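*Asks:* The structure is given below, and queries will be raised subsequently.
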Amino acid sequence: SRPGVPSRHVTARVAPLGSRLVLALVEDRTRERRVEAVRRDFVANVSHELKTPVGAIRLLAEAMHDASEDPEAVKRFADRMHIESDRLAQLVQQIIELSRLQADDPLETPAAVALDDVIAVAVDTSAIDAGSKRIEILTGGTPGLQVYGNEEQVTAAVSNLVANAVSYSESDSTVLVTTKVDEGSVEISVVDQGIGIPSDEIDRIFERFYRVDPARHRSTGGTGLGLSIVKHVAATHGGEVRVWSVEGQGSTFTLTLPQYFGATPREDTKQEDR
Ligand code: ADP
């Protein structure tokens, strides 16, 4: 090793490069190139994914125009248009969320986030979507927990997990959202009895735009961005997200975030606990 060398670039100019330095520089460049490739891929994917609903809406508008004599057909096309524009809105929203997350790295001004509130919002939002499917969403675990982070991001992550659990479950099943503390971390688990994830796909589901065989989902929804948002939120908070799943039986997603150890609200809960 060479003590006192201020930086790789300076060294590169003043002295012949040792093989380890060359390697480090090459690795740096490789990483840069990989990051750049990921960014280019993302832009290409975004344009592709946006074009699909936009194209569909355009075709439906034409079809509606041509079918103006047939009120039934017009209604059908209008309903389809509604679905496609919802999908487009969801895509745009999630793309914005993702790019904001990257800009936000590391977290600015983290604060105490009340998990009960976050879970209530996530469950309420998904309960509306569950609608005709009759999915019961139960919550349990340790009440009054707080995590240290960004409320908007934590809400986005938990909402995505609950929304997925509902989307990928059949009627008459239960989704459970539960929390517990483990060594200064808070674990939020979302357990479903849904279709599960094939073991050879499980490594890929956190990739942007990746969807397990979209044909197996009856609903048109889904962007393939939800879990990449969850993964980013976990990363910006110094936490992690894990998944356990059996195809045909269900999945459990566990998001681990740092617990908030601020003084104020926890004092009362502590006394009650003892
Ligand atoms: P999507 O918008 O398609 O739900 P996500 O990034 O949230 O995108 O998830 C990626 C893919 O992982 C989904 O398309 C689905 O195939 C699979 N997946 C995610 N959550 C679940 C779940 N709870 N049960 C079964 N499959 C899931």
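The values are calculated or read from the model by the stated rules, or taken from the named source; none is laboratory data. Note that this is a predicted model, so its numbers are computed, not measured. Using ideal geometry, Cβ is built from the backbone for each residue, glycine included, and neighbour counts are taken over all protein chains shown.
*Asks:* Can you name the number of the only condition in (1) within 15 Å of the ligand (Cβ to nearest atom); (2) part of a helix (DSSP H, G or I); (3) in contact (Cβ under 8 Å) with a residue 12 or more places away in the chain that Q93 fails?
*Replies:* (3)
*Asks:* Here's another thing I want to ask about it. Here is a list: E72, E32, E36, E84. Which entry is in a helix (DSSP H, G or I) and buried (at least 16 other Cβ atoms within 10 Å of the Cβ)?
*Replies:* E84
*Asks:* Taking L23 as the residue in question, decide whether it is modelled with pLDDT of 80 or more and out of contact with any Cys (no Cβ under 6 Å at 6 or more places or on another chain).
*Replies:* no
*Asks:* Take R58 and decide whether it is out of contact with any Pro (no Cβ under 9 Å at 6 or more places or on another chain), part of a helix (DSSP H, G or I) and farther than 20 Å from Q90 by Cβ.
*Replies:* In short, no.
*Asks:* Any residue in the range 143-155 that is modelled with pLDDT of 95 or more, touching a Gly at 6+ places or on another chain (Cβ under 8 Å), more than 12 Å from the ligand (Cβ to nearest atom) and not aromatic (F, W, Y)?
*Replies:* Yes, because at least one residue in the range 143-155 is modelled with pLDDT of 95 or more, touching a Gly at 6+ places or on another chain (Cβ under 8 Å), more than 12 Å from the ligand (Cβ to nearest atom) and not aromatic (F, W, Y).
*Asks:* State all residues of the range 99-115 that are surrounded by fewer than 18 Cβ atoms within 10 Å (Cβ to Cβ) and either in a helix (DSSP H, G or I) or in contact with a Cys (Cβ under 7 Å, 6 or more places away or on another chain) (or both); if no residue qualifies, say none.
*Replies:* Selection gives S99, R100, Q102, A103.
*Asks:* Take V118 and decide whether it is at pLDDT 95 or above and not in a strand (DSSP E or B).
*Replies:* So V118 fits the description; yes.
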